[in-house]
Structure formats: C-alpha cells, structure tokens
Amino acid sequence: MTALQPERLAAGIAAEARHLMDPAEGPIEQAFMQMACDHPEACVCTAVSHHQRVAHLLKAVVAEGGEWTTRRVQRLYRAAGIPAPLRATARKDLHALHMQGHLVLHEEDAGRRFYTVNTRRETA
C-alpha cells in the first residue's frame, strides 16, 4: 500500500458522501463548499442552499427554454457564481424540478437525457 492510496480512498469516500447527502446548511455544507472551491486559500464563495439553487435554475429554465442537460445546468451555475461543480448536483436539481412538475424528462434516445419546460402543467 502506497502513501497515495489512503488519500485516494478518502477522496472517494468524500465523493460518495456528496452523492448520498444533501447538505442543507451548517458545517457540512461549508466543508463541501471549501472542497469544491478552486482556490480554497482565498475562497470567498458564499453558501447557497439547495432551495436557492433550484429556484435560480427554475427561473433560468423558464426564461431561456430549450433542452436542459446536466452540462447546461453546470454552465449556468458557474456563470452565476454558484459553487456546484458536480454533475450529480445538476442531475439532482433537474430531477427535483421534474418531480415538482416544472420539467418534462426526455430520454427517448439511448444514452441521452434532457429536460424541457412543462407547458401542459396543471394549474389548480
């Protein structure tokens, strides 16, 4: 066992934890924000809650329309200064809007998934 293997193991565990946990607010979220930052020694990133991030995404999806993929969401977050570098984060946020009825999932093509605005949404 080399010296790098425990570090790789720790990095893998941290990555898995990000997928399994939804750090709402507090020290866990701050720790993830610090790890996600490209410049941790001079980080001035502010914490953005899951709800704020999804609200920002919904506003952009409705305003811009079109096909929304995880890559497009990641570009949106980077442009807005939202520290959410993981594809899983974008996937989770798109799925949340889909479950709320705002987006329609398209996965007719094998290996390709995207969402569009739900224009047939029931208003009650």
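Please treat every number below as a calculation from the coordinates, not as lab data. Since the model is a prediction, treat every value here as computed from it, not as a measurement. Neighbour counts run over all protein chains shown; Cβ positions are idealised from the backbone, glycine included.
Things worth noting here:
- Remark: spin-label model distance residue 110-residue 86 equals 2.9 nm, labels positioned 7 Å along the Cα→Cβ axis.
- Note on the range 69-124: with charges restricted to the Cβ of Lys and Arg (+1) and Asp and Glu (-1), its dipole about the Cα centre is near 280 debye.
- Gain in span if fully extended, residue 62 to residue 119, counting 0.36 nm per residue against the direct Cα distance: 19.5 nm
- Looking at the range 59-114, the trypsin sites (Lys or Arg not before Pro) that sit in a DSSP loop and have at most 11 other Cβ atoms within 10 Å of their own Cβ are 112.
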